[in-house]
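Participant: This is the structure I have questions about; it appears just below.
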Amino acid sequence: MVRHAEGDEYLLKYLSNIANDYKCAVGLALGQISLQRYNIIHFAKTPPFQSEQDKNEEKPLKNLKSIAEVNDSWVADHARQTTRMLPGGMQVLGIFVVSDEDILNPFNSKIKSILNLINKTLLAQNYLYGTGDNEKLVLHFSPKSQRYLAKTYDVVTTNVQPADFKFLQKNNKLFNLQCTYQIDHVYYLKHDEANGPLKKHIKVILDDINRNLESGIIVFDNELKDPDEKLENLNKKKKVPRGSSNKTVQDPNETTKAITVSIFEKCVASKSSDELRYSNIGGQIRIIGEVVCKLWLHSKGTFGEAVQAVKEDIMRSLTTRMEMHWDSLTEEELGEDITSVHEPPRRVLIALPENNVTVSDYLFPGEGPEDAKASLEELLDIKADNHLVFLDLEGQADITQYYRDTTQAKTDDSEDFLPTLRSDSNKLLYILGLGFAIFVLVISIIVHFYTKA
């Protein structure tokens, strides 16, 4: 069976530019699958590999001369880090190779090795949702002939099939979906679990959030949609006023309007007093904040695919932040008698220069757009200039309130707790005491002069 793939013409120009600068290069094909068709959104050349020894010796980077020199692990890690940046519904669909070597006839074993390791690396992290279809796309571009050929490789069955790749003049029509997912949950830790590593607790929390999403209801523009309905049908629902026609028309303003996504989670039923049970806890973790989502889906996609993409986007973003956060910790901050506030990196969205699709980067407190530009240039091979649009929709959190809350909670739980008066009450008592002292002094002076007289 021949698989079909398509991308914009500027992607072909991108391959041609690489062919002018490199004898051999490997990169990632990023996009989404809809109706069994690969829709390529972006190509990202894998940066040159350099060993730690070469870095320490400050040796210059070496460009590839043949496909045999490709470091499989380096490409797989590139796929992992790039997947973190993609919106839900998009993933690494395969790879492209720029080389004059004949790598597809027969299918080169090095290509199989690279694709298998990419798949294995992405499978190791469930909530990245980076694997998708078992059939991975391989696009070969020859610098000499300026021709290209595509095939697919099944990482499970090892079957190789031809693929029909087309570069289109018109941009693929994409629908924009936007959502803000708010989180405010408290997780209680048992005594024997409270001193465990933070990473273990966070994984439990992510599993719980995922269960809430899976059991929730997702609506689009306040409407519950049939999973099999096409996204493009959303623009065909408006009707001409009664009396003129009964036919549906498409509102021209709706083509660029974002679809608002709302998530409704199940409420926990309240229990009677007879059903309540007391339990001693060793600590608690409160996770609070919001995840801003901005997704792009092919017009032929379904609302069922959109539902899955929204869930993937939220979990992918949360997982990425948590991994980056605990990797940045130098020591364990969750232990006995420790009250602390953690601030994982926030999400910023960057629009790709050739289309409206936004990718993500994650910034720690104090970091700004300049820090995100480095990731774009290294991982997505995008020249970061002043024309790039950065959307910092989540904003930097003000954690002072959370420090006050945790400090107050710790004080309230203390056995040596002494109530403190409000500052207003302290001022009032001070004024009353001072006034009474002055009053006594005046009376004493009057009595002194009276008795003397």
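The values are calculated or read from the model by the stated rules, or taken from the named source; none is laboratory data. It should be emphasised that the depicted structure is a prediction, and the values quoted were computed from it without experimental measurement. Don't worry about glycine lacking a Cβ; one is built from the backbone with ideal geometry, like all the others, and counts go over all protein chains shown.
Participant: Is it the case, given these coordinates, that E6 is of a type in the set (D, E), assigned to a loop (DSSP other than H, G, I, E, B) and modelled with pLDDT under 95? If you could, list the steps in order and put the result at the bottom.
Facilitator: Numbers: of a type in the set (D, E): yes; assigned to a loop (DSSP other than H, G, I, E, B): no; modelled with pLDDT under 95: yes.
Criteria not met by E6.
Participant: Still on this structure, I have one more. Just the residues that are surrounded by fewer than 13 Cβ atoms within 10 Å (Cβ to Cβ) and either in contact with a helix residue (DSSP H, G or I) (Cβ under 7 Å, 6 or more places away or on another chain) or under 30 Å from L206 (Cα atoms) (or both), please, taken from segment 169-187.
Facilitator: If the condition is that a residue be surrounded by fewer than 13 Cβ atoms within 10 Å (Cβ to Cβ) and either in contact with a helix residue (DSSP H, G or I) (Cβ under 7 Å, 6 or more places away or on another chain) or under 30 Å from L206 (Cα atoms) (or both), then Q169, Q182, D184, H185, V186 are the ones that fit.
Participant: Do any strands (runs of 3 or more DSSP E) entirely within segment 85-193 hold 3 or more residues that are β-branched (V, I, T), and if so, which?
Facilitator: Numbers: elements: 91-98, 135-141, 148-154, 160-168, 174-189.
Per the criteria, 91-98, 174-189.
Participant: Can you find even one residue in segment 49-62 that is under 30 Å from D228 (Cα atoms) and not in a strand (DSSP E or B)? Reasoning before the result, please.
Facilitator: Taking segment 49-62 and keeping what is under 30 Å from D228 (Cα atoms), we get none.
No, the conditions are met nowhere in segment 49-62.
Participant: What pairs come out if I take residues in segment 102-127 that are surrounded by fewer than 20 Cβ atoms within 10 Å (Cβ to Cβ) and pair them with residues that are acidic (D, E) and in a loop (DSSP other than H, G, I, E, B) whose C-beta lies under 8 Å away, six or more apart or interchain?
Facilitator: If the second residue must be acidic (D, E) and in a loop (DSSP other than H, G, I, E, B), the pairs left are N108/E101.
Okay, residues lined up against (1) under 30 Å from L318 (Cα atoms); (2) touching a His at 6+ places or on another chain (Cβ under 9 Å):
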site	(1), (2)
F96	yes, yes
D102	no, yes
S109	no, no
N116	yes, no
T131	yes, no
K136	yes, no
D154	yes, no
Q182	yes, no
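Participant: Would you mention how many residues in segment 271-304 are small (G, A, S) and either touching a strand residue (DSSP E or B) at 6+ places or on another chain (Cβ under 7 Å) or at pLDDT 80 or above (or both)?
Facilitator: Restricting attention to segment 271-304, the residues satisfying the condition of being small (G, A, S) are 272-273, 279, 282-283, 289, 299, 301, 304.
Okay, now just the ones that are also either touching a strand residue (DSSP E or B) at 6+ places or on another chain (Cβ under 7 Å) or at pLDDT 80 or above (or both), so 282-283, 289, 299, 301, 304.
Residues that pass the stated criteria total 6.
Participant: A further question on this structure: Given the criteria within 25 Å of the chain's Cα centre (by Cα), under 23 Å from E354 (Cα atoms) and free of Cβ contacts under 8 Å to residues at least 60 places away in the same chain, does A79 qualify? Steps first, please.
Facilitator: Working: within 25 Å of the chain's Cα centre (by Cα): yes; under 23 Å from E354 (Cα atoms): yes; free of Cβ contacts under 8 Å to residues at least 60 places away in the same chain: yes.
In short, yes.
Participant: Restricting to segment 212-222, name every residue that is surrounded by 12 or more Cβ atoms within 10 Å (Cβ to Cβ), assigned to a helix (DSSP H, G or I) and not polar (S, T, N, Q).
Facilitator: Residue satisfying the conditions is L213 alone.
Participant: Let me ask another. Can you name the number of the only condition in (1) part of a loop (DSSP other than H, G, I, E, B); (2) at pLDDT below 90; (3) closer than 28 Å to A258 by Cβ that K225 fails?
Facilitator: Unmet condition: (2).
Participant: Among the residues of segment 12-42, how many are outside any helix (DSSP H, G or I) and either buried (at least 24 other Cβ atoms within 10 Å of the Cβ) or not aromatic (F, W, Y) (or both)? Don't jump to the end; show me each part of the working.
Facilitator: Taking segment 12-42 first, the residues outside any helix (DSSP H, G or I) are 22-42.
From what is left, the residues that are either buried (at least 24 other Cβ atoms within 10 Å of the Cβ) or not aromatic (F, W, Y) (or both) are 23-42.
Adding up the residues that qualify gives 20.
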